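Visitor: Here it is, the structure, as structure tokens.
Read the figures in this text as sums done on the coordinates, not as results from a lab. Keep in mind it's a predicted model, so treat the numbers as computed, not measured. Positions of Cβ are backbone-derived with ideal geometry, glycine not excepted, and every protein chain shown enters the neighbour counts.
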Amino acid sequence: SVFEIVEVECRKVCRKRVQKEIVIKWEEKMAGYRQQMPQEFQLFADVWNFFGKFYEASNSLEYWEVVVAESTRIYEQYDSPLCKDLLIAVSRELQRKGEATR
């Protein structure tokens, strides 16, 4: 019936409106987190850049000397368990990539 069609369409519109409100609230919350957690935000940016810098993995000694030196520098800058865990995870991924290129 026409009423059922109208009801279905109204639900779709309401669902989209609610989803949009949720996204806006989430974006506002994330902006607040960036202000509240500047060190963590910068930590993730630095680790991401570290990953990008060494993305083309190699098994050469020179490559790994630079990776270790750079990861040590980042760890000493933040000196946190989160930083250590992120750097270990990225280093393991680089190692995996390097082994796959043999």
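Visitor: Using a cut-off of 13 Å between beta-carbons, work out the net charge of the residues near VAL23 (Lys and Arg +1, Asp and Glu -1, VAL23 not included). Walk me through the intermediate numbers first.
Guide: Values: positive: ARG15, LYS16, ARG17, LYS20, LYS25, LYS29; negative: GLU21, GLU27, GLU28.
So the environment of VAL23 carries a net charge of +3.
Visitor: Can I ask one more? What is the sum of charges around ARG92, taking Lys and Arg as +1, Asp and Glu as -1, for the other residues whose C-beta is under 15 Å from the C-beta of ARG92?
Guide: Details: positive: LYS84, ARG96, LYS97; negative: ASP85, GLU93, GLU99.
Overall, the nearby charge balance is 0.
Visitor: Turning to a different aspect of this structure: Tell me the relative contact order for the chain as a rounded percent, counting alpha carbon contacts under 8 Å between residues six or more apart. Present the calculation step by step, with values, prior to reporting the outcome.
Guide: On the way: 35 pairs, mean separation 29.9, N = 102.
Normalised by residue count, the contact order of the chain is 29 percent.
Visitor: Tell me the mean residue ellipticity at 222 nm calculated for the chain from its helices only (DSSP H runs of n ≥ 4, each -39500 (n - 2.57), averaged over every residue, nearest 500).
Guide: -30500 deg cm²/dmol
Visitor: Quick one: putting +1 on the C-beta of Lys and Arg, -1 on the C-beta of Asp and Glu, what dipole do you get for segment 14-55 around its Cα centre, in Debye to the nearest 20?
Guide: 380 debye
Visitor: Hey, another quick one. By its C-alpha gyration tensor, with a ≥ b ≥ c as the square roots of the eigenvalues, how is segment 56-102 shaped: rounded for a/c under 1.5, else prolate for a/b larger than b/c, else oblate?
Guide: Oblate.
Visitor: Sticking with this structure for a sec: Under 23 Å between C-alpha atoms is the cut-off here; go through the chain and count lysine pairs that meet it, provided they're at least eight residues apart or on different chains.
Guide: 8
Visitor: To the nearest 10 degrees, how steeply does helix 61-78 sit against the main Cα axis of the chain, on a 0 to 90 scale?
Guide: Roughly 60 degrees between the two axes.
Visitor: Grab the other residues whose beta carbon is less than 14 angstrom from that of CYS83, score K and R as +1, D and E as -1, and report the net.
Guide: Working: positive: ARG73, LYS84; negative: GLU40, ASP46, GLU70, GLU76, ASP79, ASP85.
Overall, the nearby charge balance is -4.
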